[in-house]
Amino acid sequence: MIARSAILAEARSWLGTPYRHQASVKQAGCDCLGLVRGVWRALYGAEPEDVPPYTPDWAEARGEETLYEAARRHMILTNAPQPGDVILFRMHPTSPAKHAAILDVEEKLIHAYWGRAVLQSRFAPWWRARAAASFSFPGAASWPS
């Protein structure tokens, strides 16, 4: 079992990492997917699959649920996200999911997005309205842990 406190400690250690499209290097740069990939590597070692290059508009341009399908292949879909879970977001109701964040305690999100370093923000109604799915890391214990 992986303690959710360990997931959150790793995610928080990325706070302040600059935004860099397609990157996944703590304190050097990452995007939202890079943050999740970095936490995965800290928990499990190697990533489960190679990530192909992608453009900032990849989800809309292709119209495919690439991020959602990758999460389904390697994580556990959940109906009630707990701290340490990954939440995927749709920026428009008919668009594919293209943003990811890790749920922290006290209704906060840890994520990276264009123009921002990895930060902690409130899981505000704006984000809640765009939540598409949530996933647990494999072997994550129930909260609290």
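The values are calculated or read from the model by the stated rules, or taken from the named source; none is laboratory data. Everything quoted here is computed from the prediction, not taken from an experiment. Note: ideal-geometry Cβ built from the backbone for every residue, glycine included; neighbour counts use all protein chains shown.
Annotations for the structure displayed:
- Selection status of E69, touching a residue at least 24 places away in the same chain (Cβ under 8 Å), charged (D, E, K, R) and out of contact with any His (no Cβ under 6 Å at 6 or more places or on another chain): no
- Selected residue (criterion: modelled with the highest pLDDT) from residues of region 1-45 that are in contact with a Gly (Cβ under 6 Å, 6 or more places away or on another chain) and surrounded by fewer than 15 Cβ atoms within 10 Å (Cβ to Cβ): P18
- Taken over region 101-113, the criterion of being within 11 Å of the chain's Cα centre (by Cα) and either among the polar types (S, T, N, Q) or under 18 Å from I2 (Cβ atoms) (or both) is satisfied by I102, L103, I110.
- Flag for A23 being closer than 18 Å to P138 by Cα and of a type in the set (A, V, I, L, M): no
- Looking at R37, R73, just one residue is of a type outside the set (A, V, I, L, M, F, W, C) and over 14 Å from the mean Cα position of the chain (by Cα), and that residue is R73.
- The one condition from (1) in contact (Cβ under 8 Å) with a residue 12 or more places away in the chain; (2) out of contact with any strand residue (DSSP E or B) (no Cβ under 7 Å at 6 or more places or on another chain) that A140 does not meet is (2).
- Any hit, region 39-58, residues being within 19 Å of P125 (Cα to Cα) and in contact with a Leu (Cβ under 8 Å, 6 or more places away or on another chain): no
- Scan of region 18-40 for residues that are among the β-branched types (V, I, T) and outside any strand (DSSP E or B), ordered by number: V36, V39
- Considered as a group, the residues in region 96-113 that are touching a strand residue (DSSP E or B) at 6+ places or on another chain (Cβ under 8 Å) and over 19 Å from P83 (Cβ atoms) include one that is surrounded by the most Cβ atoms within 10 Å (Cβ to Cβ), and that residue is K98.
- Single residue of region 114-135 satisfying the filter (surrounded by 16 or more Cβ atoms within 10 Å (Cβ to Cβ) and outside any strand (DSSP E or B)) that is nearest to the chain's Cα centre (by Cα): V118
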